[in-house]
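Engineer: Take a look at this one; I'll ask things after.
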Amino acid sequence: RLSTMTEKTALQLTTEAFIEKFGQSQVGLFSVWDGAEGCVPGQSAFVNIHGYQRYNDKTYDGACSFFEDGDYALPEWVGWFIICVLGLFFAALTTLMVWINGRRYPASDVTTNSEQFSCAGRDIPAGLTAADVVSKWTWAATLLQSSNVAYNYGVSGPFWYAAGATIQVLLFAILAVEIKRKCPAIHTVLEVVLVRWGPAAHFVFLFFCLSTNLIVTGMLILGGAAAVEALSGVSTYASCFLIPLGVSTYTAFGGLKGTYYASWTHTFIIYIALLTFIWKVYAGPSDLGSAGKVWENLNFAAIKAPSTTNKDFSYITMFSEGGMIFGVINIIGNFGTVFVDQSYWQGAIACRPAATWRGYLLGGMAWFAIPFSMATTLGLAARALDLPLTSKEAGAGLVPPAVALHLMGRGGAFLVTLQLFLAVTSTANSEQLAVSSLFAYDIYKMYINPKAEPKQLISVSRMGILAWAILSGVFGVILFELDIGLGWVYVAMGNFIGSAVTPICFSLLWKDCTATGAIAGAVLGLLASIVGWVSMADSMYGEVTVDSLGSNYPVLIGNLNALVFSTVIAVVVSFMQGGQNFDWEELDTRTNKYLVEDDPNAHLKHDGGEDSKETMDAVFQKIVASAMSLTFILILLWPIYSLPAQVFSQRYFEFWVAIAFIWGHVAAFITIIYPIWEVREDVIGVLTGKPPPPPPQTAVPPEQPKAETRDLELQKPVEAPAQQQAQQMPAGFVYPHPMPPQMQQQQPMAPQMGQYPGAMYPPSMTPQAQPYNAYGQVAPMVYHGMA
């Protein structure tokens, strides 16, 4: 009935119905009650207008906050159990999975092979890549801060959080493909920077990369520790150190492959919890139980606790100034935490070539469901239930725990705490390994020990993991002592790292960006960001404090300055210098030399298959079009098409909830079921004890006629039977590099499987990928009468 009337009449009728039902005293009461000084528990003006009570049947009336002093949802021992016992369980599970993989495939042993430890063999499939993207992008903020913006801005908050942080992953798929096309042998993004622009730029962007890892890790630890303390009373100081130290155990043992296994197991639990909350809120049984009931209660919430930046103060409209500003801040700030975070580059390096674009597109769209579906459920439910959550509690990320506790009692509190703990640890292990790779390859091997052996690099990586775990705990405690909340760090992070985004993208996308342009863009962009941020806070509020710096407009100006100034400066300076005109072939050639041990997957194949250079070149244009199209849909088309709905009617809101409901289930399938399906043969083999298939056996060839042979290195004619020379090559020895230029000038005839003893030719092999013998010589093959 309300949806058929004018906007003004609808608002008036809602207000009149509210006053008639709850009384004039409750109109706008929330803003007066929230944060009132001298509040005495049990004596405040707060009244739950729907008559809902706490999970233990105590009243909310008179409360000063939801989590009042001494009122913990869980016994303290449960908090210690989650951190210590369950942390140890998941560490042991991940370690066991890595050990089984090493036993089944000895070549992938992470204890002796540095390429396996840091790059996981560069053969991770698309499904596991998608699960890893979801895992590393699901921070404490994803679960906590997204519900906070839903609590403040209504339906626009979850959308802008999800869309504003999904497009970065979609666009990063372009760089992931470029890695495979131009430099598949790299270990870190800084190896590209070093080849392009030299040591000075290498040090500058090392600072930005480590700063990104520190901010992300500190935010993870801070959010997780604060929520565990609020729910169980476990000391924040203890959590800040125990969480990262527990993660470091299996990260140090399993390397990057361990982080992939941890990502899948952790993401599995996170999605199960998410789906549980969706069903509980929108399908019942609960105090809500349907989208219609949530819609009705949110209409009343707009009268008691109006969202002042929204149309008609409503929580069910996309007309939200606050939500829009947050969306812009979210979009700009999160470019830094993806494009400048080594963990995303490391994930792209570890993929099979064909899995890069599939994995990142699937992972980005699956991740969208976590903030969108989670916050559309728990963030809106907090308003619909009229819980006594203060702005400080919401800013600390305590909206999901409060709703879970109300709806499901201590079981819900346990589930959300476990979900949060696994989100923190799944991202923390990726950050720890990313930092350890920077230590090992960009500091230790590059400047301290250029001839480092594989075991030395693994040892340095493990020491770096442990050191970073301790440092991140210290940083989390510092943020806690400064009373800087999760929400403040989240919106401000782009000011510190956003200026490095464009120059790092140019390292793979623009051949004319010069070293001076890249350095000037990053450094001067950072300076412009800080100046704009602080100046705006001072001009708007007359002081520079944590609160003024954390408000919307100062943060927005700082984020915009970081991204815009760095881009303009890098482009202008590069053009003034005439451009670098960098040769991409040189990047591939020089980064190949960074390989410590040969990795057959560190080079694109030449057989025309899906992992070949030709296929990746063809895919590039498609992935650019796909990523740009999805970005356009998410940040422009979707919000524009939702504006005509203005304040959502009940039917439109139910449609909106249905999208969140379906998206959550599809995303769970992508990240839980699809990875298992891709490796189903290995899973069955492990469960049944069936050994992996043996390598192809070669047949003994018939006697070969004598032929004139030529030593490719000495260029000296040698008379010898082809069969006799072929037998000198160790059985199964295959060197994956392209054949020497001398051979490429001739027209080859493809060899058949088992034509020569000791040589093992995969079905996909062509003469462009020749087997070499132990002395680096090409194994004899007949090329138009020449061996």
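The values are calculated or read from the model by the stated rules, or taken from the named source; none is laboratory data. Predicted model only: the values in this text are computed from it and were never measured. Cβ sites come from the backbone with ideal geometry, for glycine too, and all protein chains shown count toward neighbours. All accessible areas refer to the heavy atoms of the entire protein, side chains included, with ligands and DNA or RNA removed. Shrake-Rupley method; radii C 1.70, N 1.55, O 1.52, S 1.80 Å.
Engineer: Could you please put TRP468, TRP663 in sequence from largest to smallest accessible area, using a 1.4 Å probe?
Structural biologist: Result, largest first: TRP663, TRP468.
Engineer: Right, next: By its C-alpha gyration tensor, with a ≥ b ≥ c as the square roots of the eigenvalues, how is segment 492-648 shaped: rounded for a/c under 1.5, else prolate for a/b larger than b/c, else oblate?
Structural biologist: oblate
Engineer: OK, next. Where the accessible area of segment 153-209 is counted over protein heavy atoms with a 1.4 Å probe, how much of it, in %, is carbon and sulfur?
Structural biologist: The value for segment 153-209 is 78 percent carbon and sulfur by accessible area.
Engineer: At 1.4 Å probe size, with the rest of the protein present, what percent of the exposed accessible area of segment 287-336 is carbon and sulfur atoms?
Structural biologist: Accessible surface attributable to carbon and sulfur in segment 287-336 totals 63 percent.
Engineer: Which whole-number value in Å² is the accessible area per residue of segment 189-268, probe 1.4 Å?
Structural biologist: Solvent-accessible surface per residue comes out at 20 Å².
Engineer: On the full set of protein chains, 1.4 Å probe, figure out the accessible area of LEU637 and give it in Å² to the nearest 10.
Structural biologist: The accessible area comes out at roughly 70 Å².
Engineer: Could you give the nm distance between label points at GLU610 and SER459, where each point is 7 Å from its Cα heading toward the beta carbon?
Structural biologist: Spacing of the two 7 Å Cα→Cβ label points: 4.1 nm.
Engineer: Let me ask something additional. Tell me the label-point distance for the pair ILE676, LYS690, using the 7 Å Cα-to-Cβ offset, in nm and rounded to one decimal.
Structural biologist: About 1.7 nm separates the two model spin labels.
Engineer: So, one more: For segment 454-594, what is the accessible area per residue in Å² when the probe is 1.4 Å?
Structural biologist: Here the per-residue accessible area is 43 Å².
Engineer: Let me ask something additional. Given R₀ = 51 Å, what would the calculated FRET efficiency be for ASP617 paired with VAL544, taking r from the Cβ atoms and rounding to 0.05?
Structural biologist: 0.50
Engineer: I'd like the FRET efficiency for ALA200 and LEU595, computed as 1/(1 + (r/R0)^6) with the beta carbon distance as r and R0 of 30 Å, rounded to 0.05.
Structural biologist: For ALA200 and LEU595, the calculated efficiency is 0.75.
Engineer: When the accessible area of segment 489-642 is split by element with a 1.4 Å probe, what percent falls to carbon and sulfur?
Structural biologist: On segment 489-642, the fraction of accessible area on carbon and sulfur atoms equals 65 percent.
Engineer: Can you pull the one-decimal nm distance between simple spin-label points at TRP77 and HIS665, each 7 Å off the Cα toward Cβ?
Structural biologist: Going by the 7 Å Cα→Cβ label model, 4.0 nm.
Engineer: On to the next question. Given a cut-off of 21 Å, name the pairs among LYS180/LYS593; LYS451/LYS593; LYS182/LYS451; LYS136/LYS622; LYS257/LYS511 whose C-alpha atoms lie farther apart than that in the structure shown.
Structural biologist: Checking Cα-Cα distances, LYS182/LYS451; LYS136/LYS622; LYS257/LYS511 exceed 21 Å.
Engineer: What are the ³J(HN,Hα) couplings of segment 50-64, residue after residue, when phi is run through the Karplus curve with 6.51, -1.76, 1.60 and θ = phi - 60°? Round to Hz, x for glycine and proline.
Structural biologist: Once θ is set to phi - 60°, the couplings for segment 50-64 become 9, x, 5, 10, 5, 4, 9, 6, 7, 7, 7, 4, x, 6, 8 Hz.
Engineer: Rounded if a/c is under 1.5, else prolate if a/b beats b/c, else oblate: with a ≥ b ≥ c from the C-alpha gyration tensor eigenvalues square-rooted, which is segment 415-513?
Structural biologist: oblate
Engineer: Given a Förster distance of 35 Å, report the FRET efficiency between ASP123 and ASP512 from their Cβ-Cβ distance, rounded to the nearest 0.05.
Structural biologist: 0.55
Engineer: Turning to a different aspect of this structure: Can you give the accessible area of LYS690, probe radius 1.4 Å, in Å² rounded to 10?
Structural biologist: Its heavy atoms expose roughly 130 Å² to the probe.
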